[in-house]
Structures are given as structure tokens and as C-alpha cells.
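The block underneath contains the structure these notes are about, expressed in C-alpha cells.
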Amino acid sequence: MPSDEHVALIRKGATAWNAWRNERDGAPDLSPAGLRGLDLSGFNLSRADLQGADLRGTNLSQANLSGANLQEANLFKAVIART
């Protein structure tokens, strides 16, 4: 179950999310969050648990996904390419 705090914070945008991540060392729990269609470009999602997350149509370009768990995440029509 995703953390309500993490989902609410991610919806505030990359600046708020990345500032929060810089203050903490833990891995955010976003499994299986409904993040469909969000612009997550530039987000620090390193080590995030995105297992089973709904990422359909999500913009993940320039997002840091290193060490993220994307097992069973729905990435249909997600933008992942770096530009």
C-alpha cells in the first residue's frame, strides 16, 4: 500500500519532492500508487518502491530511477527517454 504522505507530496511537484528526498535517506513507498498521466520529469525516484504502480502515460524523462523497483508497474505509453 502506498504511503498517503508520499503520494500527496509527489503531486506537489518536482521541487517539493526533491527537497523532501534530499532531507531523507529512505526509500519512498509508492506501490501500487495511481500516478497515471503525471509529469514526473526531473523527480528523484531513486530506490523508490513503484512495484505495481500505475504509470500509464506518465512523463518520466529526466527522472532518476536508479535502484527503483518497477516490477509489475504499468508503463503503457509512459515517456522514459532522456532528451
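The values are calculated or read from the model by the stated rules, or taken from the named source; none is laboratory data. Just so it is clear, the model here is predicted, and its values are computed rather than measured. Glycine gets a Cβ as well: all are built from the backbone with ideal geometry, and neighbour counts include every protein chain shown. Keep in mind that these areas ignore ligands, DNA and RNA; they rest on the heavy atoms of the full protein, side chains included. Shrake-Rupley method; radii C 1.70, N 1.55, O 1.52, S 1.80 Å.
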Note to self: Among the residues of the range 68-79, are any open to solvent by less than 40 Å² (accessible area, probe 1.4 Å) and under 14 Å from W17 (Cα atoms)?
What the structure shows: no
Item checked: Contacts under 6 angstrom Cβ, first residue in the range 30-48 being open to solvent by 30 Å² or more (accessible area, probe 1.4 Å), partner of a type in the set (V, I, T), 6 or more apart -> L38/T58
Check: What single numbered condition from (1) in a loop (DSSP other than H, G, I, E, B); (2) among the small types (G, A, S); (3) open to solvent by 30 Å² or more (accessible area, probe 1.4 Å); (4) at pLDDT 95 or above fails to hold for A16?
Finding: (1)
Check: Of all residues in the range 26-77, how many are in a loop (DSSP other than H, G, I, E, B), within 19 Å of S3 (Cβ to Cβ) and in contact with a helix residue (DSSP H, G or I) (Cβ under 9 Å, 6 or more places away or on another chain)?
Finding: 11
